[in-house]
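Scroll down for the structure; my scribbles are underneath it.
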Amino acid sequence: DTDAAGYPYATSIDVGNVTSYTISGLSTGTTYHTAVSAYDADGNESWVSTNTTAVPQSIPVVLSFATQPTSGTAGSIFSTQPVIAVKDSEGNSVTSATSSVTLSITSGSGTNGASLSGTQTVNAVNGIATFTDLRIDTAGSNYTLTASSSGLTSAVSNNLDINHGSAS
């Protein structure tokens, strides 16, 4: 496809009589090439501007468990700690995100009154929040953890069971 002056662009948009225009529906991480021309009431087209290149940036919208926590023993640190990814609307990791992510026991899951211990809030680095010392103090089944961050859609982990510790 070419514009009125014969320049090869995949898509031309006639925006009418405006001084600014926002192009929507672009995919993040894709490079787009644009040029602008104007035309008068008789359809005479102006010179085309120089080519401008832009790559839309990812906007963080949702949290996702990149690594699920594993079942364990009451009071012991999970052998596999949760890792949370900050993602955009297309499911891509947002490597520029530094969001503060908090984990908590999901209300209504596991044993009533149980506590999650360890560092429950960490900042994402390159879009990834890595937890290192979490544990649940009370035995029970079907616990889930909820990851939350201001302005982002939260995520809920898979079920995990916490077993009683061995008697001493």
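For the range 81-168, what's the radius of gyration and Dmax over Cα atoms, in angstrom?
Radius of gyration, then largest Cα-Cα span, for the range 81-168: 14.2, 51 Å.
Classify the range 46-123 from the C-alpha gyration tensor, please: rounded if a/c falls under 1.5, else prolate or oblate depending on whether a/b exceeds b/c.
Taking the square roots of the gyration eigenvalues as a ≥ b ≥ c, the range 46-123 is prolate.
Pop out the carbon and sulfur fraction of the accessible area of the chain as a percent, whole number, probe 1.4 Å.
The nonpolar share, carbon plus sulfur, comes to 48 percent.
For residue 116, list long-range residues whose amide hydrogen, built 1.01 Å from N in the peptide plane, is under 5 Å from its own amide hydrogen.
Excluding prolines and chain starts, which carry no amide H, the hits are 105.
Could you report the chain's accessible area per residue, 1.4 Å probe, as an integer in Å²?
Per-residue value: 60 Å².
Largest first, how would 33, 164 line up by accessible area (1.4 Å probe)?
Result, largest first: 164, 33.
Probe 1.4 Å, all protein chains in place: accessible area of residue 131 in Å², nearest 10?
Surface accessible to solvent at residue 131 totals approximately 10 Å².
The values are calculated or read from the model by the stated rules, or taken from the named source; none is laboratory data. This is a predicted model, so every value here is computed, not measured. Please note that ligands, DNA and RNA were not included when accessible areas were found on the heavy atoms of the full protein model with its side chains. Shrake-Rupley method; radii C 1.70, N 1.55, O 1.52, S 1.80 Å.
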